[in-house]
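The next block holds one structure in the form of structure tokens; read it before the comments.
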Amino acid sequence: MSIWLALFLIVVLLALNAFFVAAEFALVSSRRDRLESMAAQAKKEAQRVIHSIEHLSIYLAGAQFGITICSLILGKVAEPAIARYIEVPFMALGVPADLLHPVAFVIALAIISWLHILFGEMVPKNIAIAGPEQLALWLTPAMQLWVTITGPVIRALNWIARITLKAFGIEQRDELESTVDEQQLANMIMESREEGLLDAEETARLAKALRSESRSLKEVMIPLEKLTTIPYSSRGISLSAIEHAVRTTGFSRFPVERPGGALVGYLHVKDILDLMESDETDPVVPVSRIRRLSIVDGAGSLDDALTSMHRRSAHMAQVRDNGELIGVLALEDIIEEYVGTVSDWTHES
């Protein structure tokens, strides 16, 4: 084999190896939300990539199969060819015949290994990680063709891998989980803002929702000393006391407090509107109009409290720490932690 043919084969095999490595890392690193956004913009190639990600195990098997073939051919053809041409200058330098081939082979192996690691592995890998979605758009059609051609072999290898993993109690995944952590989600929000997909208000609202993860219920609840309550006596609940509380605070929901400080529930103004039209001088609100005040753990998260209150259709809940009442939590206050200020008819415009 001539040196020029050997060099041509080396370049071709390294390029093919780089292609499979880049395709593998591009598929693994691509974010589905970006691809779906591209697909929504009528980019048909993005749909191809999404399909490949949904069948990731097959495409990874195809990439590994291609890398293995390229590496084996590179070792079989390129190393002996280069070693043979290296022997000539070493022979002229007087290297003993017994050492001539081993020395030339080691040098040729080092050269090929360096080229393979650098141009066949590291460079394409880093290019793929730097821009996985765009690279996946370019490389996926060729990968799909390769997987179609070598389909029977790849599926057989993938089946063997699946059985082997199952023997160790590991379930093979055909698609990567698309969950993202808090930092990745924050980056996605900022990217959307930079691309004009979110305005400043939406960006601030989403950023606040992310920060609420670290907020405790004690920071969001209404402490007992700042709580406006409706007194509950043996007569019941005075309608005039409720009207006074509404005029003073502008709120529409109030905890009901027994003598001694125990909370028995809460009242919603809309539940007693019919009594406000009564002809009585100071009608008493029946106990049946009092809504149950659920309990949430003061050490819990906002998500846990929101889930608990939503499940019970509760607008207010008492917050307890080790059984001790420390405050009241309003559903509106939790929602505002996620989406910003919520305005209703009780808020001044």
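Looking at L157, L198, can you tell me which residue is assigned to a loop (DSSP other than H, G, I, E, B), modelled with pLDDT of 70 or more and among the aliphatic types (A, V, I, L, M)? Show your work before the answer.
Working: L157 fails: assigned to a loop (DSSP other than H, G, I, E, B).
Only one candidate passes the filter, namely L198.
Evaluate the following for I163: is it open to solvent by 70 Å² or more (accessible area, probe 1.4 Å) and farther than 23 Å from S30 by Cβ?
Numbers: open to solvent by 70 Å² or more (accessible area, probe 1.4 Å): yes; farther than 23 Å from S30 by Cβ: yes.
Criteria met by I163.
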Matching residues in segment 236-275 - criterion: being assigned to a strand (DSSP E or B), of a type in the set (S, T, Y) and closer than 17 Å to R291 by Cβ: Y266
Test: residue in segment 167-178 that is assigned to a helix (DSSP H, G or I), at pLDDT 85 or above and open to solvent by 70 Å² or more (accessible area, probe 1.4 Å): yes
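Quick check on my filter: what residues within segment 228-241 are open to solvent by less than 60 Å² (accessible area, probe 1.4 Å) and either modelled with pLDDT of 85 or more or not aliphatic (A, V, I, L, M) (or both)?
Taking segment 228-241 as the starting set, the residues that turn out to be open to solvent by less than 60 Å² (accessible area, probe 1.4 Å) are 228-230, 232-233, 236-241.
The answer is T228, T229, I230, Y232, S233, G236, S238, S240.
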Verdict on R320 being of a type in the set (K, R), modelled with pLDDT of 85 or more, touching a strand residue (DSSP E or B) at 6+ places or on another chain (Cβ under 7 Å) and surrounded by 12 or more Cβ atoms within 10 Å (Cβ to Cβ): yes
Verdict on L206 being modelled with pLDDT under 80, over 40 Å from the mean Cα position of the chain (by Cα) and not in a loop (DSSP other than H, G, I, E, B): no
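The values are calculated or read from the model by the stated rules, or taken from the named source; none is laboratory data. Keep in mind that this is a model prediction, so the values were computed, not measured. Ideal geometry is used to build each Cβ from the backbone, glycine not excepted, and the neighbour counts take in all protein chains shown. Note: areas computed on protein heavy atoms with side chains; ligands, DNA, RNA excluded. Shrake-Rupley method; radii C 1.70, N 1.55, O 1.52, S 1.80 Å.
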